[in-house]
Amino acid sequence: MSQMSIAVLTSGGDAPGMNAAVRAVVRAALNKDMRIFGVRRGFNGLLNGDIIEIGIRTVSDIIHRGGTILYTARSPEFKTEEGINKAVKTCQQMGIDGIVVIGGDGSFRGARDLSKKGIACVGIPATIDNDIACSDYTIGFDTAVNTAVEMVDKIRDTNQSHNRCSVIEVMGRDCGELALHTGIACGATAIIVPEVPFDIDKDIIDRMMATQRTGKKHFIVIVAEGVGGSADIAKYIEEKTGIETRHTVLGHVQRGGSPSVHDRVMASRMGAYAVDILARGGSNRVVVSKKNEITDYDISEALEMKREFNDDLYKMAHEISV
Ligand code: ADP
């Protein structure tokens with residue numbers, strides 16, 4: 001049998017731990033005596049041939065680095081019929097039999113389209129939002145939560161000194177996971193997420209007043225980006241309660257930094273598993289974590305799944321934050 005050649009790329013929004021996943025894919029492939037290529041800037045690299053062969057030492061010294069050595073991008077051209085055909089042609093010319101696509105839902109749609117055209121693709125979920133329905137966990141989430149918590153802890157110190165309230169916006173466009181976990185870990189008075197409708201008077205002001213009556217003097221309110229209007233929420237709180245209220249948007253700090261142990265371990269496990277799938281001749285699969293076991297699903301089925309918000313955890317967070 002001729003030697004198998006596979007490629008790896010990172011696509012869409014970046015997440016800490018992508019490098020650890022790239023390293024795992026490369027090392028696992030080389031262990032199986034495959035040739036391994038790195039495609040740069042997501043699917044763009046397949047369109048313009050920005051592809052390099054990777055050796056065993058190319059991925060040295062990256063397991064602890066945020067970002068992605070392969071760069072990432074969004075590629076509107078890839079979504080067109082012409083674009084996908086161009087990508088397939090590049091793979092055929094370079095003898096690439098399969099690709100590991102590290103990214104989010106959008107990237108998996110691209111992987112599904114390539115699989116349909118005969119290029120075997122396996123997806124690895126990596127996004128700080130933990131918003132992929134098929135997997136309990138996505139690479140980058142743990143690092144992002146820890147960064148957010150570190151930042152909120154610092155804000156809390158100065159809040160305490162001045163008896164202030166802080167409204168802190170964390171990332172998450174459609175998904176409140178990052179807000180929920182940050183809020184629990186910081187003991188926030190209120191956590192506002194896109195999945196749960198809220199009433200500012202009942203869910204924030206009344207809660208603040210109730211805790212104030214039992215002696216609480218400084219407050220943290222966590223708002224997910226997708227809720228919108230976090231600056232207005234801060235203004236309203238100050239007007240209604242008379243408590244000086246500051247507004248902070250954590251922003252891109254949440255995307256960077258050295259990946260946590262959990263992210264490095266998950267990235268390593270998922271990366272090696274993805275190569276196993278390709279070695280067995282699998283295609284159109286996505287690697288997932290279910291109850292801390294690594295397994296895989298058909299990408300098309302995985303994309304149909306609906307993500308469920310953990311209402312019990314959300315309720316518990318508010319029950320103990322009084
Ligand atoms: P993420 O993977 O983080 O969800 P995007 O949604 O930006 O990020 O998708 C990354 C890339 O995947 C896009 O730039 C595009 O090249 C490809 N992609 C996204 N959606 C589709 C789609 N419906 N069909 C084919 N390719 C897609």
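For the range 22-41, the set of residues classified as under 25 Å from the mean Cα position of the chain (by Cα), farther than 11 Å from ILE69 by Cα and either within 16 Å of the ligand (Cβ to nearest atom) or surrounded by fewer than 24 Cβ atoms within 10 Å (Cβ to Cβ) (or both) consists of ARG27, ALA28, PHE37, listed by residue number.
Of all residues in the range 265-294, those that are surrounded by 14 or more Cβ atoms within 10 Å (Cβ to Cβ) and free of Cβ contacts under 8 Å to residues at least 24 places away in the same chain total 2. Beta carbons closer than 7 Å, at least 6 apart along the sequence or on distinct chains, pair a first residue in the range 227-256 that is touching a residue at least 40 places away in the same chain (Cβ under 8 Å) with a second that is assigned to a strand (DSSP E or B) and among the basic types (Lys, Arg) for ALA234/ARG246. For ARG246, the criteria (1) assigned by TED's automatic domain parsing to the domain that holds ALA126; (2) in contact with a Cys (Cβ under 8 Å, 6 or more places away or on another chain) hold in every case but one, which is (1). State yes or no: is GLY66 closer than 30 Å to ALA148 by Cβ and part of a loop (DSSP other than H, G, I, E, B)? Considered against the rule, which asks whether it is closer than 30 Å to ALA148 by Cβ and part of a loop (DSSP other than H, G, I, E, B), GLY66 comes out as yes.
Given the criterion under 25 Å from the mean Cα position of the chain (by Cα) and under 18 Å from ALA179 (Cβ atoms), identify the matching residue among VAL265, VAL249. Residue meeting the stated conditions: VAL249.
Of all residue pairs spaced 6 or more apart or on separate chains, those with beta-carbon atoms under 6 Å, a first member in the range 23-34 that is on the phi < 0 side of the Ramachandran plot and a second member that is surrounded by fewer than 22 Cβ atoms within 10 Å (Cβ to Cβ) are ARG23/ILE62; ARG23/ILE63; ALA24/SER268; ALA24/ALA272; ALA28/ALA272; LEU30/ILE56; LYS32/ALA279; MET34/MET4. Quick check on VAL149: is it surrounded by fewer than 24 Cβ atoms within 10 Å (Cβ to Cβ), in contact (Cβ under 8 Å) with a residue 24 or more places away in the chain and in a helix (DSSP H, G or I)? Yes, satisfied.
Which numbered condition trips up ASP14, out of (1) within 16 Å of the ligand (Cβ to nearest atom); (2) among the charged types (D, E, K, R); (3) over 25 Å from GLY140 (Cβ atoms)? The number of the failed condition is (3). Look at the range 163-179: where a residue is over 22 Å from GLU244 (Cα atoms) and a partner is of a type in the set (D, E, K, R) and assigned to a loop (DSSP other than H, G, I, E, B), sitting 6+ places away or on another chain with Cβ atoms under 6 Å, you get GLY172/ASP129; CYS175/ASP129; CYS175/ASP131; GLY176/GLU195.
Residue count for the range 92-104 satisfying the condition of being surrounded by fewer than 19 Cβ atoms within 10 Å (Cβ to Cβ) and either assigned to a helix (DSSP H, G or I) or within 16 Å of the ligand (Cβ to nearest atom) (or both): 3. Against the conditions (1) out of contact with any helix residue (DSSP H, G or I) (no Cβ under 9 Å at 6 or more places or on another chain); (2) farther than 21 Å from SER283 by Cβ; (3) within 15 Å of the ligand (Cβ to nearest atom), ALA144 satisfies every one except (1).
Taking into account only those residues within the range 72-91 that are of a type in the set (Val, Ile, Thr), in contact (Cβ under 8 Å) with a residue 24 or more places away in the chain and more than 8 Å from the ligand (Cβ to nearest atom), which is nearest to VAL26 (Cα to Cα)?
First pass over the range 72-91, keeping only residues of a type in the set (Val, Ile, Thr): 72, 80, 84, 88, 90.
Narrowing the set further to residues that are in contact (Cβ under 8 Å) with a residue 24 or more places away in the chain leaves 72, 84, 88, 90.
Retained after the next criterion (residues that are more than 8 Å from the ligand (Cβ to nearest atom)): 72, 88, 90.
Details: THR72: 17, VAL88: 21, THR90: 20 Å.
Top of the filtered list is THR72.
Looking at this structure, is HIS162 of a type outside the set (D, E, K, R) and surrounded by fewer than 17 Cβ atoms within 10 Å (Cβ to Cβ)? Against the criterion (of a type outside the set (D, E, K, R) and surrounded by fewer than 17 Cβ atoms within 10 Å (Cβ to Cβ)), HIS162 qualifies. In the range 52-70, which residue that is under 21 Å from VAL275 (Cβ atoms) and within 16 Å of the ligand (Cβ to nearest atom) is surrounded by the fewest Cβ atoms within 10 Å (Cβ to Cβ)? The selected residue is LEU70.
Just to be sure before I move on: is ASP131 touching a Cys at 6+ places or on another chain (Cβ under 7 Å), touching a residue at least 12 places away in the same chain (Cβ under 8 Å) and either basic (Lys, Arg) or within 20 Å of ILE191 (Cα to Cα) (or both) in the structure I sent? Against the criterion (touching a Cys at 6+ places or on another chain (Cβ under 7 Å), touching a residue at least 12 places away in the same chain (Cβ under 8 Å) and either basic (Lys, Arg) or within 20 Å of ILE191 (Cα to Cα) (or both)), ASP131 qualifies. For the range 188-258, the strands (runs of 3 or more DSSP E) that sit wholly inside it and include 2 or more residues that are under 21 Å from ALA317 (Cα atoms) and at pLDDT 95 or above are 190-192, 219-224.
The values are calculated or read from the model by the stated rules, or taken from the named source; none is laboratory data. Keep in mind that what you see is a predicted model, and the values were worked out from it rather than measured. Heads up, the Cβs are rebuilt from the backbone with ideal geometry, glycines too, and the neighbour counts pull from every protein chain shown.
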